[in-house]
Amino acid sequence: MGTVWFCLVAVMVAMYVLLDGLDLGAGAIHFLVAKTEEERRQVIASIGPVWDGNEVWLLAAGGTLYFAFPMLYASGFSGFYLPLMMVLWLLILRGTSIEFRNHVDSRVWIPFWDFVFSVSSLLLAVFFGAALGNVVRGVPLDGTGYFFEPLWTNFRLSEHTGILDWYTILVGVTALAALMMHGALWIRLKTSGELAERAAKVASLAWWAILVLTALLTMITFAVQPQVAANFKTWPLGYILPAIAVAGLAGVQFELRRRGELNAFLASATYLLGMLTSVVFGVYPMVLPARNPVNSLTVASAQAGAYGLKIGLIWWVIGMTLATIYLVHVYRSFAGKVSTEKNGHSYAD
Amino acid sequence: MGSALDVHRLHFAFTITFHYLFPQLTMGLALLMVILKTLALRTRDEHYNRAARFWAKIFGINFALGVVTGIPMEFQFGTNWAEFSKAAGGVIGQTLAMEGVFSFFLESSFLGLFLYGEKKLGPIGHWWAGFLVFLGSWMSGYLIVATDAWMQHPTGYRLLPGGEIELASFWGLLLNPWALAQYAHNMLGAVQTGCFVMAAVGAFYLLTRREPLHGRTFLRIGVTVGVIAAVLQLVPTGDLQGKMVALHQPPTLAAMEGLFLSQQGAPITIFGQPDVDKRRLDNPLEVPAMLSFLTYRQWQAHIRGLDAFPEDQWPDKIELLYYSYHIMVGLGTIFIAVMGLAALLLWRHKLYESRWMLWVLMLSVPLPYIANTAGWLTAELGRQPWLIYGLMHTAHGVSPRVIAGNAWFTLLGFMGMYTVLAILWLFLIYQEIERGPEPDSAVPSPQVSPASAD
């Protein structure tokens, strides 16, 4: 039952990355692709109706993690105290900037919120990447099941790691590149004209960065976290997951060349999905690896009582079925290109 | 405030107090907007749709702030209260996860459609979008209250030898009697905030002689729903809540009332300052035997004062608890008077011309916020020294590795950020009220008799 929930939480986190990733990425390249006030309005309009729902996946995944693996929630969240709080501040700033931006028509108000939106999105992409890096690398858990990581120590992979070291920064940068591409492909899909063309350019530049970084990171990760190699050796079928990532990445390049808009975005989503599932597969059965492997939290040691997990499965399936229906409904209602007329748009008054 | 425990408590108290400024309005307004949309459907009068669109804008700003300040709440259980989460996450994680899965997806999906899809959805579809936003926000309210109720009065659990608490009955957790009573009481509080805000904006429009039709509609709906909510807040929900506290948390009742000595025919205190060291109330203004009557419906019933309990079972901030409770009850009484009087004037067709009453309604707008905050302070301070009543002390629930220095760092960060958000909030809400609803162009002049607006 623990493994089932391990997979379900992973699915929810993956959904969060795929969905909120598109608006985080759009934010990170906001000033790169949108040169005029009107273009920036279109970028915001392309994510306006969906960003809030996308972020709900983070909350829902957090809640699910909480009741399925209480020990992990307690240990991980208190151990990552400082970076998590900063993530919360960035989420507050970002949500505020999207919602407040269009309330006052002023040459001071709008650029200010555009700036806040872009910087907070960019930093969030890096932070989330670094967080993933921390989980893969392992944290300084001791026998009590707790740890506390400072923001940085000496940036090396020693016993006393900080949140930021060269490995986690590298993962953070890779995540930023991946979400920039994801966001750029979304903007390309939702807008037209010069804005969409610039987004395509950013996407193809990011693509090369991702290619190099992914290759580099994969090699390093096998050295940093021995469990990854061990798992692929035990279950060779797992190679299908990185293969999905490679196929997705190749698909992006292919679709960029033949100017497929939706397909390019979906290929990027496939790449992200392949990467995330590879990571999850690589660390299983650990849910939070420790620098000293003896202290790692595993599915078995962190899971909640059997009754709660069983009853949870019932309402989870019902709830997620409903959520999927809403999701499809909302994305279909706001399908198509963002309108270019100032007063004709469906969002942002 | 040196110890990490105090900082962690203040951290949660500050962030949740600020957060709850927004949901109390959006939950109340969600109901009122459904009423407006229903009136629009039934009367086929576009006026009500214009009114609903105006309130949807106010709702949207408050909802956005509720979302961004709400995310830190869920996370703080893990970041600042790790021992509590480790022990009880298997139980309260259920309700918190259900809130995300059932309420937030519903709300976030249909709010977008409600705010921006009116033309596309048509009148019936738009009513449904509004109704689903209402349903989502009220469901979310229930799941949060059920979480708190479990901490106040744990049900449906099993205690494991290692100190972990396991879920034993899903329905036991979800249908906790404490949750049902607390939910009714809490939601009425939210409805009152919505009603006072709506009535205040209506009064503002009439006093400034603009938007007369909208002003009247806002007043009529705010006062009509408001007077019902104000009465139900006291009887039966407040009364029920008090009896629950008397039954399950007797030291809390004594501390709330400032009753240091056990006695028969215990009085209820209207006014006075508790002196905890000397175990007495200074300058007391009391109604004799009233507390006994209200609690047990017998004038001579025996009520246990704080002296009946060992000091380590006393709530640790008795003064603050006492004042919170008295402020809540005092304001609740004032609300019945204000809304009752306004309703009487409305019924006699005099409300729209009674400038003094309009002034009172307009200036009352901060009071329901204060009352709701004081009510939650009463509940949470009253639960002390327990984090989970009878099962876990607050002191044992904090994160063992998060030192005071780190907690202060993030608390000050939140304080700074929320100060800015509060200023922006007031500015944006004032701007929307200034802009006002779309005028009723179909009506040639504001000289409409009050009766026809009814």
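What length, rounded to one decimal in nm, is gained on full extension from B:Asp277 through to B:Thr419, with 0.36 nm per residue of separation minus their alpha-carbon distance?
Going from the current span to full extension adds 47.6 nm.
So what J values fall out for region B:366-371 if you push phi through Karplus, 6.51 cos²θ - 1.76 cosθ + 1.60 with θ = phi - 60°, rounded to Hz, Gly and Pro as x?
The phi angles translate into x, 4, x, 5, 5, 5 Hz.
Running Debye on the protein assembly as shown with equal point scatterers at the Cα sites and no solvent, what base-10 log of I(q)/I(0) appears at q = 0.06, 0.08, 0.10 Å⁻¹?
-0.41, -0.72, -1.10
Mind listing the long-range amide H neighbours of A:Gly162? Cut-off is under 5 Å, sequence gap 5 or more, other chains count too, H placed in the peptide plane at 1.01 Å from N.
Correct list: A:Thr153, A:Asn154, A:Phe155.
Report, to the nearest 10°, how far helix A:81-100 tilts away from the longest principal axis of the Cα atoms in chain A, using its own Cα long axis and a range of 0 to 90°.
It works out to around 20 degrees.
Show me the ranking of peptides B:226-239, B:261-274 by mean Cβ neighbours inside 10 Å, starting with the highest. Mind dumping the intermediate values first?
Details: B:226-239: 19.6, B:261-274: 17.1.
In descending order of packing, they fall as B:226-239, B:261-274.
Once R0 is set to 56 Å, what does the formula 1/(1 + (r/R0)^6) return for the Cβ-Cβ distance between A:Cys7 and B:Leu363, expressed as a FRET efficiency to the nearest 0.05?
Efficiency at R0 = 56 Å is approximately 0.50.
With a ≥ b ≥ c taken as the square roots of the eigenvalues of the C-alpha gyration tensor of region A:235-333, please select rounded if a/c is under 1.5 and otherwise prolate if a/b is larger than b/c or oblate if it is not?
Oblate shape, in that a/c is at least 1.5 and b/c is the bigger or equal ratio.
With the crude spin-label approximation of a point 7 Å out along Cα→Cβ, what separation in nm comes out for B:Thr333 versus B:Gln313?
It is 3.0 nm.
Compute, for the protein assembly as shown, the length of the dipole vector about the Cα centre, with Cβ point charges of +1 (Lys, Arg) and -1 (Asp, Glu) only. Units Debye, rounded to 20. Don't jump to the answer; show the numbers that get you there.
Values: 49 positive and 50 negative charges, 299 e Å.
Magnitude of the dipole: close to 1440 debye.
PRE reach from A:Thr234 (point 7 Å along Cα→Cβ): which of region A:273-293 fall under 20 Å by backbone N?
Hits in region A:273-293 for A:Thr234 at 20 Å: A:276-293.
Between A:Phe254 and B:Arg355, how many nm apart are label points set 7 Å from Cα along the C-beta direction?
Here the modelled spin labels are 7.7 nm apart.
Provide the packing ranking of A:201-208, A:154-161, i.e. peptides ordered by the mean count of other C-beta atoms within 10 Å per residue, highest first.
Final packing ranking: A:201-208, A:154-161.
Can you tell me how region B:1-108 classifies by the Cα gyration tensor, rounded, prolate or oblate, using a/c under 1.5 as the rounded cut?
prolate
Within the set of other residues whose C-beta is less than 14 Å from the C-beta of B:Ala404, count the net charge using Lys and Arg as +1 and Asp and Glu as -1.
+1
Mind listing the long-range amide H neighbours of B:Glu286? Cut-off is under 5 Å, sequence gap 5 or more, other chains count too, H placed in the peptide plane at 1.01 Å from N.
Counting only residues 5 or more places away or on other chains, the set is B:Ile270.
Post the alpha-carbon centroid distance, region B:203-247 to region B:372-387, in whole angstrom.
Cα centroid of region B:203-247 versus Cα centroid of region B:372-387: 24 Å apart.
Can you give the angle from 0 to 90° between the axis of helix B:239-248 and the longest principal axis of chain B, with both taken from C-alpha atoms, to the nearest 10?
Helix B:239-248 sits at roughly 20 degrees to that axis.
Per-residue mean of other chain beta-carbon atoms within 10 angstrom of the beta-carbon, peptide B:64-72?
Rounded to a whole number, the mean comes out at 6.
With axes computed from alpha carbons, what is the tilt in degrees of helix A:261-283 against the longest principal axis of chain A, rounded to the nearest 10 within 0 to 90?
Once rounded, one gets 10 degrees.
Each reported figure results from applying straightforward, stated rules to the coordinates on display, with no laboratory input. Every value quoted in this text rests on a predicted model; they were computed, and no experiment measured them. Glycine gets a Cβ as well: all are built from the backbone with ideal geometry, and neighbour counts include every protein chain shown.
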